[in-house]
Every structure is written in structure tokens, then in C-alpha cells.
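Visitor: What follows is a single structure, and I will ask about it in a moment.
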């Protein structure tokens, strides 16, 4: 599940190259165009924020390239999410494209984990052949497999045993007779 197939690697590589180029170009444009933003009487320096965010985007791209080189699906998807959130500050639509690509990778990982394949037609045939509802519970009982709500063994349930962590009541204290004079 942790490895990427060639199509996912190609899409991820394209996304990271686009993010690296945009991570350099967009902050450079903002720095060149707006060194200071005026808001009423106050002025706000924009350049340090753009430099910081551009550096963060480039760092995330570097981490993404390393994860792609090692073919780690979860790290690539997480890195695409972070890049998407970083780009939503500059250009919202571009950020959502990266978030969508990361979600697509996670969806394929979930399909691979649950069904053993990412092929949609193979998954559909598995789901079609699988019994549903009450038939599924009956099929699990006949084959001996446990479902989430039924116990693994058949027959009557075993009687509960005493809890070994139970501390028994202590014996009552003996009354000390009062001294008589």
C-alpha cells in the first residue's frame, strides 16, 4: 500500500514541479509588485511574509520529491495536502487542485487496503458478488467466519467468570471490649 504506481508517480511529479515553479514565481511577483501595502493610515510589509511562505512551499516541494523518490504514498499525499493549504493563501483554486490530488491518492490507498486493487471494475465485481445485509450474516455463520456483531464460535455463550481483579470484602473488625473498672 505504501508504494505508488507509475501513473500516480507521474501525476505527483507533475504536481511537485508545478508547485516548485509556482512557489518561486508567485512570491517573487508579490515581492516585486508590493513591498508595502497601505491600509488606511497603516502600512504593512508584504515581502517578509511572501518570502517565508515561498520558502515553506519550496521546503514542502523538496520533502515531496524525496517522498516520491522513496515511493511513499502517504507522505506524498500528506505533502500535497500541505502544499494545497499553502497555495490557498495565494491562489485558492490552485491550492484546491493540490488538495484534490492528495485526496485522490488517499482514496486509492484506501481501495488498495480494502479490496487489494485500485482497479474500479475489479472492485465493482467484488462488491457485486459479495452477499449483502442479512445474507451476509448467514453466509458468515455457515462458513464459520465472524462478523463484527457475531462471535467467532457457534453454540451457547459461555457463562461469565469471576473478575480476578475483584477485591473481596474484608472481615468485620472485632469489637474491643470496653475496660471495666
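Nothing in this text is a laboratory measurement; each read-out follows from the coordinates by a stated rule. Computed from a prediction, not measured in an experiment: that's the story for all the values here. As a convention, Cβ positions derive from the backbone with ideal geometry for all residues, glycine included, and neighbour counts pool all protein chains shown.
Visitor: Which length gain, in nm to one decimal place, applies between residue 29 and residue 164 when the Cα-Cα distance is subtracted from 0.36 nm times their residue separation?
Guide: Working: separation 135, 0.36 × 135 = 48.60 nm, distance 7.07 nm.
So the extension gain works out to 41.5 nm.
Visitor: Which ordering of 71, 165 is given by a fewest-first count of other beta-carbon atoms within 10 Å? Show your work: numbers first, answer last.
Guide: Details: 71 15, 165 5.
Ascending Cβ contact count within 10 Å gives the list 165, 71.
Visitor: Distance in nm between label sites at residue 72 and residue 181, each 7 Å beyond Cα in the beta-carbon direction?
Guide: 8.5
Visitor: Where does each of 170, 12, 125 land when they are ranked from fewest to most other beta-carbon atoms within 10 angstrom?
Guide: Working: 170 6, 12 24, 125 11.
Ascending number of Cβ neighbours within 10 Å: 170, 125, 12.
Visitor: Hey, what's the Cα Rg ratio for the stretch 6-119 versus the globular rule of thumb, 2.2 N^0.38 Å?
Guide: Values: Rg = 16.7 Å, N = 114, 2.2 N^0.38 = 13.3 Å.
Relative to the rule-of-thumb radius for its length, the stretch 6-119 sits at 1.25.
Visitor: Got a sec? How would 100, 57, 13 order by Cβ neighbour count within 10 Å, fewest to most? Don't jump to the answer; show the numbers that get you there.
Guide: Values: 100 13, 57 23, 13 16.
Ordered by Cβ neighbours within 10 Å, fewest first: 100, 13, 57.
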